[in-house]
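Engineer: The structure that follows is given in the form of structure tokens.
The values are calculated or read from the model by the stated rules, or taken from the named source; none is laboratory data. From a predicted model like this one, the values you see are computed outputs, not experimental measurements. Every residue, glycine as well, gets a Cβ built from its backbone with ideal geometry; the counts of neighbours run over all protein chains shown.
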Amino acid sequence: MNKIKTVFTCNECGASQPKWTGRCPECGAWNGMVEEIISKKASRAIPAAQRVLQPLDRPISYSAKRMGTEIDEFDRVLGGGFVEGMVVLLAGEPGIGKSTLILQVLAHLKGERLLYFSGEESEEQIALRSNRMGISDSRILVACENNLENIIYHLDKQKPTIVVIDSIQTVYSNAYDNVPGSVTQVRECAGNILKKAKEMGFIAVFIGHITKDGMIAGPKVLEHLVDTVLYLEGGKHNFYRTLRSMKNRFGSTNEVGLFTMKDNGLIPVENPSEFFLSERKKHVAGSAVAVSMEGTRPFLIEVQALVTQTSYGNPQRTANGIDHRRLAMLIAVLEKRSGLPLRLQDIFVNLVGGMRIDETAINLAVLVAMASSFKDIPLDPGGVFIGEVGLVGEVRSVPLIEQRVKEALKFGFKPVYIPRANLKQLKGFRTDEVMGIDSINQLFDKIF
């Protein structure tokens with residue numbers, strides 16, 4: 001007879017407690033304890049195969065062979081493509097394009113057997129989507145299956161090159177009485193498929209749900225198990241998607257891939273700068289151009305600001321694409337150091353295209369755009385502004401300045417205003433192309 005035990009497991013760290021608590025005693029997370037039923041079935045313990053200890057400095061014969069997908073933006077984020085035995089977690093909001101992207105990846109991969117297990121769509125629904133995208137490939141085998149034991153059976157029988165589980169939160173095992181999506185089911189099912197991938201050498205891709213807070217649904221241990229965690233981001237009303245790497249054991253986590261959503265799937269954006277500046281209006285107050293770095297890739301982006309007299313007691317401060325606390329800091333610097341009376345002004349800042357940027361190198365462009373809107377004076381349409389702004393109004397140096405300047409000049413923008421401290425890192429540029437500045441007041445004297 002099965003012995004049933006009830007425990008409470010933390011969604012964040014996976015720690016178990018016999019009683020419910022509002023705060024996890026292990027990781028300190030609040031309201032993360034969920035009830036789990038653990039069924040202890042009588043079984044004979046089988047000792048695991050022992051591995052031989054090896055010295056760290058032994059000769060290594062293993063080399064990570066990359067399997068490219070021919071989708072440059074996807075391969076860029078992975079670090080050059082898939083690696084044999086790699087386990088990837090692809091997460092994103094519902095309807096963002098996760099299943100569409102991975103179906104395109106399967107169509108471009110080289111391999112004899114490409115398995116797609118879906119716990120959310122029927123085989124007919126997957127076929128309809130593939131026909132709409134123009135994908136017809138007999139190597140891709142699909143099944144509406146979310147039972148772990150049946151999936152393992154197909155893996156042993158088919159010997160696949162890559163396996164897609166859509167989604168990992170729907171998979172369940174008969175060995176546990178918990179419902180699909182529970183902490184125990186997600187952890188154990190993912191662990192079993194991961195073990196199989198390492199043993200057989202196939203690539204496994206888990207598609208995952210996210211919560212309303214933007215976190216991957218299920219236990220935090222799921223992110224620790226896999227080799228790579230990818231996030232597919234983009235607003236519901238935006239036509240572009242951003243693929244970011246949050247964890248990558250086989251490459252850098254600084255790269256980003258850009259796609260546009262079309263009727264036939266996600267189309268890679270090869271030139272982000274041209275993409276984000278394609279509809280820019282010249283000679284309009286409140287518009288400035290910045291150069292941002294996403295990993296090793298620079299791209300130009302338009303920063304728009306609108307400063308207008310408030311109609312309410314408390315002026316509005318709205319930021320789209322940058323952190324609102326950084327906007328509040330930049331407004332305070334602009335008012336204090338430049339003397340602009342912004343206390344009774346509504347201020348709205350927007351990064352065109354819905355892009356979200358966290359780096360501080362766009363601070364100078366944000367300040368210039370706000371000052372231009374307040375003074376109602378258009379900026380030079382060829383100017384580009386790069387630099388971090390400090391609390392005393394100084395313009396501080398930023399990394400990778402040469403790549404940023406070259407990107408701006410490539411598209412015909414000049415002059416490029418940069419921190420004076422970065423000038424010593426540049427060689428071969430004319431003074432009419434690059435100008436160094438020390439403070440925002442010095443810059444305002446030049447452009448207004």
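Engineer: Modelled with pLDDT under 95, on the phi < 0 side of the Ramachandran plot, of a type outside the set (Lys, Arg) and in contact with a Phe, Trp or Tyr (Cβ under 6 Å, 6 or more places away or on another chain): which single residue out of 382, 353 fits that description?
Structural biologist: Exactly one residue qualifies, and that residue is 382.
Engineer: With the range 277-344 as the region, which strands (runs of 3 or more DSSP E) entirely inside it contain at least 1 residues that are of a type in the set (Phe, Trp, Tyr)?
Structural biologist: It comes to 297-309.
Engineer: So, in the range 381-392, of the ones that are exposed (fewer than 15 other Cβ atoms within 10 Å of the Cβ) and more than 13 Å from residue 360 (Cβ to Cβ), which residue ends up farthest from the chain's Cα centre (by Cα)?
Structural biologist: If we take residues in the range 381-392 being exposed (fewer than 15 other Cβ atoms within 10 Å of the Cβ) and more than 13 Å from residue 360 (Cβ to Cβ), then 392 is farthest from the chain's Cα centre (by Cα).
Engineer: For residues that are touching a residue at least 40 places away in the same chain (Cβ under 8 Å) and within 19 Å of the chain's Cα centre (by Cα), scanning just the range 357-377, find the one that is nearest to residue 242 (Cα to Cα).
Structural biologist: Restricting to residues being touching a residue at least 40 places away in the same chain (Cβ under 8 Å) and within 19 Å of the chain's Cα centre (by Cα), the top hit is 357.
Listed here are the residues, each with its yes/no results for (1) within 27 Å of residue 30 (Cα to Cα); (2) small (Gly, Ala, Ser).
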| site | (1), (2) |
| --- | --- |
| 207 | yes, no |
| 215 | yes, no |
| 233 | yes, no |
| 247 | yes, no |
| 257 | no, yes |
| 266 | no, no |
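Engineer: Among the residues of the range 397-430, write down those that are among the basic types (Lys, Arg) and surrounded by fewer than 16 Cβ atoms within 10 Å (Cβ to Cβ).
Structural biologist: Across the range 397-430, the qualifying residues are 406, 410, 424, 427, 430.
Engineer: Looking for whichever is surrounded by fewer than 22 Cβ atoms within 10 Å (Cβ to Cβ), of a type outside the set (A, V, I, L, M) and closer than 29 Å to residue 259 by Cα here; the options are 335, 359. Which one fits?
Structural biologist: When all the criteria are applied, what remains is 359.
Engineer: How many residues are surrounded by 16 or more Cβ atoms within 10 Å (Cβ to Cβ) and at pLDDT 90 or above if we restrict to the range 269-292?
Structural biologist: 8
Every residue, every condition in (1) without any contact (Cβ under 8 Å) to a residue 12 or more places away in the chain; (2) farther than 25 Å from residue 399 by Cα, yes or no:
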residue	(1), (2)
284	no, yes
292	no, no
310	no, yes
321	no, no
324	yes, no
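Engineer: Out of 114, 89, 53, I need the residue that is surrounded by fewer than 17 Cβ atoms within 10 Å (Cβ to Cβ) and at pLDDT 80 or above. Which one?
Structural biologist: 53
Engineer: Give the residues of the range 214-253 that are over 19 Å from residue 321 (Cβ atoms), touching a Ser or Thr at 6+ places or on another chain (Cβ under 9 Å) and in a loop (DSSP other than H, G, I, E, B), sorted by residue number.
Structural biologist: If the condition is that a residue be over 19 Å from residue 321 (Cβ atoms), touching a Ser or Thr at 6+ places or on another chain (Cβ under 9 Å) and in a loop (DSSP other than H, G, I, E, B), then 217, 218, 219, 249, 250, 251, 252, 253 are the ones that fit.
Engineer: Turning to a different aspect of this structure: Take the conditions closer than 12 Å to residue 407 by Cβ and surrounded by fewer than 17 Cβ atoms within 10 Å (Cβ to Cβ) and apply them to residue 296. Does it pass?
Structural biologist: Taking the combined requirement at face value, the residue satisfies it.
Engineer: Confirm whether residue 106 is closer than 19 Å to residue 234 by Cβ and either in the same structural domain as residue 219 (by TED's automatic domain parsing) or in contact with a Pro (Cβ under 7 Å, 6 or more places away or on another chain) (or both).
Structural biologist: The answer is no for residue 106.
Engineer: Given (1) at pLDDT below 80; (2) closer than 30 Å to residue 104 by Cα, identify the lone condition not met by residue 67.
Structural biologist: Every condition holds for residue 67 apart from (1).
Engineer: Can you tell me which residue is modelled with the highest pLDDT among those in the range 425-443 that are of a type outside the set (Asp, Glu) and out of contact with any strand residue (DSSP E or B) (no Cβ under 9 Å at 6 or more places or on another chain)?
Structural biologist: Only one residue fits best here, namely 441.
Engineer: Evaluate the range 130-140: report whether one residue or more is crowded, with 23+ Cβ neighbours inside 10 Å and outside any helix (DSSP H, G or I).
Structural biologist: no
Residue-wise test of (1) in a helix (DSSP H, G or I); (2) under 25 Å from the mean Cα position of the chain (by Cα).
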residue	(1), (2)
88	no, yes
104	yes, yes
153	yes, no
165	no, yes
176	no, no
191	yes, yes
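Engineer: A further question follows. Return the residues of the range 232-290 that are more than 12 Å from the chain's Cα centre (by Cα) and of a type in the set (D, E, K, R); say none if nothing qualifies.
Structural biologist: 236, 249, 262, 263, 270, 274, 279, 280, 281, 282
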